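Read the figures in this text as sums done on the coordinates, not as results from a lab. The structure presented is a predicted model; accordingly, all values stated were derived computationally and were not measured. Virtual Cβ from ideal backbone geometry, glycine too; neighbours counted across all protein chains shown.
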């Protein structure tokens, strides 16, 4: 029976952008809600919380306000205070992002997510310049970022199908359509600017495999270097790679395979970095045999 290996758990989490985004969003939610409740306990209102903290993290309505808090183009993606909306968004993220992450490898989702959020936010603020009468004062949420990931997945694998119960297969475009239909249905007169948020994010996703391909590849290389630094630095939780360490990708303990040029460790690392498609037939056969005998 495989033993629990906490270091391998950290290594797996550090290579999954989905886990990173969910973790960051969850931490923001807990910290912000704890702070808001503290204001309520110590005072009669949580208005100071929204004025001095929440509004500084949320996306402002105008570019002039953005000049005084440029970090909000990123922080607004993680500062949602509605738990059910966060839960729904993270489920959608998992649905779309796993397709790219499983087939192409790690460090692919975060560049799409952040770029879609930034471009979507700028599109929404641009709309606000022309329609100030129906402008929201501040916005938080990940609609633009999710729209980018959704369309990037659709463009990357337009014929991809999800296997459901009873052998039912549902095309990826159905899930993309449901995602946008549900979000558009919730838009009201005073939140119509969110439509432009989704449009901006969608344009980023549409350029994933063509006009923005080089940009995303450079971002992936950059995030990979950062991840390798933290992974290979003895001062952090995930220490230098040890040829005798355990891997938990398949929840099995490490052992050398006789008469094979590739170890299971090397194959799992390759899957993490480049995806399943990067394996050659020999590696796939070795991995399959090992999983059966483990």
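Couple of notes before you dig in:
- By other beta-carbon atoms within 10 Å, ranking 229, 76 with the fewest at the front produces 229, 76.
- Sorted by Cβ density within 10 Å, fewest first, the residues 94, 71: 71, 94
- Distance between the C-alpha centres of the range 104-156 and the range 71-91: 12 Å, rounded to the whole angstrom.
- Put simply, the Cα atoms of the range 11-222 extend 55, 40, 38 Å along their principal axes, the longest span coming first.
- Annotation: extensible slack from residue 214 through residue 24 equals 65.7 nm (criterion: 0.36 nm per residue apart, minus Cα-Cα distance).
- Label-point separation, residue 162 to residue 47 (7 Å along Cα→Cβ), nm: 4.4 nm
- Summary value for the range 11-222: 24 percent relative contact order, contacts being C-alpha pairs under 8 angstrom separated by 6+ residues.
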